[in-house]
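Below you'll find the structure, written out as structure tokens, and then a few comments.
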Amino acid sequence: MRELIVDMFSTLDGFGDGGPQSAAYWGYDGPGLQEWVARKLAEDHVVVMGATSYRMMAEIVQEGDDPSFARMAELPKLVFSKSLTPPLSWANTTIVDEPLETAVPALKELDDRPMITLGSPSLVRSLFDAGLVDRLRVMVFPTMHGREGEGPLFTKLPYRQLDLLTSEVVDGRLVALEYKVN
């Protein structure tokens, strides 16, 4: 049975958007991070996102020349949405318009390829609220946004206990943490 993995990029104080340093990856891009991303993309999986993240990423991928975009186009993508309608511009994308409480358990039964979220904070919140998340991966960036932070990642999630599965230092500055969600 496949697992549902939530991926989050976070500042040390738990923000996922903008803030005082709005550069990509808050200015911490580097060869180690790019290798980590490439390694994760190379793994066989299904990308899961909501409509807002889909719209944003489909536009970025169309306009950009990042080497990871070709692989992202190859991967199957599931978009939970009531507002999007086919045809979609990003290859290998399927719209899921069923309630996630019934759709995700059925999708987990299909095969053993993990489903991994891309962005989609509202969807992630709903997945946690429904108890559907199996693992949580957080890439922690060594910056604090404090009062200027935008997009708090964890404050609206329900209480969950986590078991640490792996930790990895990336580029000598970032920390990738992977947890089993209990």
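The values are calculated or read from the model by the stated rules, or taken from the named source; none is laboratory data. Source: prediction; values computed, not measured. Please note: Cβ atoms are built from the backbone with ideal geometry, for glycine as well, and neighbour counts cover all protein chains shown. Only protein heavy atoms, including side chains, enter the accessible area calculation; ligands, DNA and RNA are left aside. Shrake-Rupley method; radii C 1.70, N 1.55, O 1.52, S 1.80 Å.
Worth a mention:
- Two-decimal Rg/Rh across the chain, once Rg and the Kirkwood Rh are taken from alpha-carbon atoms: 0.94
- Environment charge at Ala176 (Cβ cut-off 14 Å; Lys +1, Arg +1, Asp -1, Glu -1): -1
- Note on the chain: antiparallel DSSP beta bridges, both residues inside, total approximately 45 percent of the bridges counted.
- Sequence ranges 150-156, 38-44, ranked by mean other-Cβ count within 10 angstrom, highest first: 150-156, 38-44
- Taking all protein chains into account, the per residue accessible area for the chain stands at 54 Å² (1.4 Å probe).
- Carbon plus sulfur fraction of accessible area for the chain, probe 1.4 Å, in percent: 54 percent
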